[in-house]
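The values are calculated or read from the model by the stated rules, or taken from the named source; none is laboratory data. Please read all numbers here as calculations on a predicted model, not as lab measurements. Quick reminder, even Gly has a Cβ in these numbers, built from the backbone with ideal geometry, and neighbours come from all protein chains shown.
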Amino acid sequence: MQGNSKFIPKTNNLSEKLFLFLKIFLFLSVLTGIVYSFQQKHQSIDNLILEYKKAFNSTNFWLLLTLIVLTFANWGFEALKWQKLASPITKFSFSEAYQSVIIGLSLSFITPANLGDFAGRIWKLNSPNRFQGVGAILMGNGIQFYVTLFFGTIAFGHFILHQLPQIPLLFCIFFLLLIASLLFGIFFYSRRHWIGLFFQKVKFLKRFASYFEIFETYNLSEILEILLWATLRYLTFSIQFIIVLLIFSINLPLLELFTLTSLVFFFKTLIPSFNFLSDLGIREFTALYFFSYYAIPPAAVVSATLSLWLINILTPVLFGMVFIVKEKKK
């Protein structure tokens, strides 16, 4: 496996240092916004500590256990999705797909624009056509984003109708754009073979055309299966978020909790991907904005979202680092 180590991205060139600077800058900007929210509600780090003391006790044991089990399910659905996406390139087991996903997650943790996710997954493809995996990853990311867009659009519509006394024109236009994007997504996937043709026709893009040839190989049933895994994954991490909110005593009606989780995931996804340490800070900042309409204390919101990040992102990343070390020794 040493010959494949070139697929692990290096972080020593100027552009990657620039991205690191942008990550840190955005993180500090978001952190400033979070601190400001705390000051507005006269809260501090002591309130965060108090929230954790109240949440992590024996009465929440089963909720915490369920949360951990769902973490494995969350990335398991992603592995099933990746296994199907990569099937035109090579066949591998669920276990190999799971390792590939976790390695990609670990590498994306330290690289700009999720490049590590591409590197990690391609690294594990034992095929001369492994770089078609780029197209497979883009297809999977697109379908996952479509699911997020679908639930985010419904949640945004519910939010502006029930939480805003008067709906601003800009919000109405944005909602219409979301609906148009959903319709465009259906059109795009029905005409996905055009992507490869477009890259073939444009001279300076022609060298990338082979990456997108895989788009044409997926039939409708395969697209629907990938969509199923993407939806199950979305519902899994939404349930995880709701469980965390309940652990921290954010006891809103279930519909409102699902609306808020969908809004947080959607707007977090729209924010550029060069944020610091995966989505740390972005989720908290987004959650603070939407939860403020429900008069939820900032300390409870940040404690909940930070806990979700620790369980759902940081823990799998640490497992992924172990897999990377093992692979490099082979």
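Among the conditions (1) closer than 30 Å to W75 by Cα; (2) loosely packed, with under 15 Cβ neighbours inside 10 Å; (3) not hydrophobic (A, V, I, L, M, F, W, C), the only one that G133 does not satisfy is (2).
For the stretch 286-324, filtered to residues that are touching an Asp or Glu at 6+ places or on another chain (Cβ under 8 Å), hydroxyl-bearing (S, T, Y) and within 14 Å of I247 (Cβ to Cβ), the residue that is surrounded by the most Cβ atoms within 10 Å (Cβ to Cβ) is T305. Considering the stretch 190-224 alone, what residues qualify as being within 17 Å of K81 (Cβ to Cβ) and of a type in the set (V, I, T)? Residues satisfying the conditions are I214, T217, I223. Suppose we keep only residues that are free of Cβ contacts under 8 Å to residues at least 24 places away in the same chain and in a helix (DSSP H, G or I) within the stretch 143-171. Which one would you say is farthest from Y289 (Cα to Cα)? Within the stretch 143-171, the match that is farthest from Y289 (Cα to Cα) is L169. Elements of the type helices (runs of 4 or more DSSP H) sitting completely within the stretch 1-100 and holding at least 1 residues that are buried (at least 18 other Cβ atoms within 10 Å of the Cβ) and at pLDDT below 65: these cover 14-40. Taking the criterion of being outside any helix (DSSP H, G or I) and either loosely packed, with under 15 Cβ neighbours inside 10 Å or modelled with pLDDT under 75 (or both), the residues of the stretch 172-204 that qualify are R191, V202.
For the stretch 115-132, a residue qualifies if it is part of a helix (DSSP H, G or I) and either touching a residue at least 60 places away in the same chain (Cβ under 8 Å) or hydroxyl-bearing (S, T, Y) (or both), and the qualifying residues are L115, G116, A119, G120, I122, W123, F131, Q132. When I110 is tested against the conditions (1) assigned to a helix (DSSP H, G or I); (2) within 17 Å of V325 (Cα to Cα), the lone failure is (1). T153 satisfies every condition listed in (1) surrounded by 15 or more Cβ atoms within 10 Å (Cβ to Cβ); (2) within 29 Å of W123 (Cα to Cα); (3) β-branched (V, I, T) except (2).
So which of S238, S221, S262 ends up being under 27 Å from Y189 (Cα atoms), of a type in the set (G, A, S), free of Cβ contacts under 8 Å to residues at least 12 places away in the same chain and assigned to a helix (DSSP H, G or I)?
After applying the criteria, what remains is S221.
Looking across the stretch 66-97, just one residue is of a type in the set (S, T, Y) and under 16 Å from the mean Cα position of the chain (by Cα), and that is T71.
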